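Trainee: Before I ask anything, let me first share the structure, which is written out below as structure tokens.
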Amino acid sequence: MSRLAPLDLAKLTPEQKQVADAIVAGPRGGLRGPFEPWLRSPVLADRAQKLGEYCRFHNSLPRDLSELAICLIGRHFKAQYEFFAHARLAKEAGLSEEIVEAIRTRKTPPFTREEERIVYDFVSEYLATNRVAEPNYKRALAKFGEQGVVDLVGVCGYYMLVSMTLNVFEMPLPAGVAEPLD
């Protein structure tokens with residue numbers, strides 16, 4: 001159960017309504033996950049949803065690799081809703097069921113493509129050490145270019161914010177869905 005009472009969409013302030021309408025009209029089509037908590041701070045909600053739209057739908061990385069990074073972030077922070085939502089999106093984007101399951105169970109995934117391994121090593125190293133060593137940085141730079149590395153950092157940072165929001169406010173999974181992470 002969420003720590004926040006559900007928002008009454010009929011009683012939003014004009015600022016909240018403007019942001020909520022923009023989120024619903026955008027590619028997400030609804031107010032799931034972190035958006036209800038964020039709407040308590042409409043300026044933050046607006047900025048975060050715009051950053052999130054870029055990070056999720058328009059960054060320069062292939063979608064499956066973005067989703068791989070998001071799943072790693074969700075797993076690291078044990079963000080149940082985030083992992084639940086993005087495990088499905090990762091599979092839809094072409095990431096194998098075996099890779100998603102390995103991430104869920106904290107095992108080394110059976111990668112078949114070097115670019116998957118590069119994203120995994122980059123993100124995993126950062127989450128373990130708060131740094132990316134030169135070899136992993138150079139591999140990512142060679143594969144994705146400067147914009148790709150910046151976008152990978154942006155995707156990870158945005159989903160760290162999402163994870164913290166979901167966890168702090170104890171945002172629930174949809175009814176009947178079991179927590180995917182132990």
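Trainee: Which of the residues belonging to the range 94-140 are under 17 Å from Tyr159 (Cβ atoms), in contact with a Phe, Trp or Tyr (Cβ under 9 Å, 6 or more places away or on another chain) and part of a loop (DSSP other than H, G, I, E, B)?
Mentor: Matches in the range 94-140: Val132 only.
Trainee: Starting from the range 106-124, take each residue that is in contact (Cβ under 8 Å) with a residue 24 or more places away in the chain and list its partners that are polar (S, T, N, Q), counting only C-beta distances under 7 angstrom and pairs at least six apart or across chains.
Mentor: Listed by first residue and then by second, the contacts come to Phe122/Asn136.
Trainee: Looking at Leu152, is it assigned to a helix (DSSP H, G or I) and in the same structural domain as Phe84 (by TED's automatic domain parsing)?
Mentor: Yes; evaluated as a whole, the condition is true for this residue.
Trainee: Only one of Ala79, Ala85 is without any contact (Cβ under 8 Å) to a residue 60 or more places away in the chain and more than 17 Å from Val153 (Cα to Cα). Can you tell me which? Spell out the reasoning first.
Mentor: On the way: Ala79 fails: without any contact (Cβ under 8 Å) to a residue 60 or more places away in the chain.
Residue meeting the stated conditions: Ala85.
Trainee: Could you please find all residues in the range 7-24 being within 13 Å of Glu36 (Cα to Cα), part of a helix (DSSP H, G or I) and not charged (D, E, K, R)?
Mentor: Leu9, Gln16, Val19, Ala20, Ile23, Val24
Trainee: Right, here's the next one. Condition check: surrounded by fewer than 19 Cβ atoms within 10 Å (Cβ to Cβ) and outside any helix (DSSP H, G or I). Does Gly29 satisfy that?
Mentor: Yes; evaluated as a whole, the condition is true for this residue.
Trainee: Also: Determine if the range 41-48 includes at least one residue that is at pLDDT 95 or above and β-branched (Val, Ile, Thr).
Mentor: First, pick out the residues of the range 41-48 that are at pLDDT 95 or above: 41-48.
Add one more test, that the residue is β-branched (Val, Ile, Thr), and what stays is 43.
Yes - at least one qualifying residue is present in the range 41-48.
Trainee: Residue check: is Leu95 under 23 Å from Ala140 (Cβ atoms), in the same structural domain as Glu125 (by TED's automatic domain parsing), of a type outside the set (D, E, K, R) and more than 14 Å from the chain's Cα centre (by Cα)? Don't jump to the end; show me each part of the working.
Mentor: On the way: under 23 Å from Ala140 (Cβ atoms): yes; in the same structural domain as Glu125 (by TED's automatic domain parsing): yes; of a type outside the set (D, E, K, R): yes; more than 14 Å from the chain's Cα centre (by Cα): yes.
Yes, satisfied.
Conditions tested, residue by residue: (1) over 30 Å from Lys143 (Cβ atoms); (2) not assigned by TED's automatic domain parsing to the domain that holds Ile118.
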position: Asp21; (1), (2): yes, yes
position: Gly26; (1), (2): no, yes
position: Ala45; (1), (2): yes, yes
position: Ala48; (1), (2): no, yes
position: Glu53; (1), (2): no, yes
position: Glu67; (1), (2): no, no
position: His76; (1), (2): no, no
position: Ala79; (1), (2): no, no
position: Ala85; (1), (2): no, no
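Trainee: Do you know which residues across the range 127-150 are within 21 Å of the chain's Cα centre (by Cα) and over 20 Å from Asn59 (Cα atoms)?
Mentor: Leu127, Ala128, Thr129, Asn130, Arg131, Val132
Trainee: Output the number of residues of the range 110-161 satisfying the condition of being surrounded by 15 or more Cβ atoms within 10 Å (Cβ to Cβ) and touching an Asp or Glu at 6+ places or on another chain (Cβ under 6 Å).
Mentor: 3
The values are calculated or read from the model by the stated rules, or taken from the named source; none is laboratory data. Keep in mind it's a predicted model, so treat the numbers as computed, not measured. Glycine also receives a Cβ, built like all others from the backbone with ideal geometry; neighbour counts cover every protein chain displayed.
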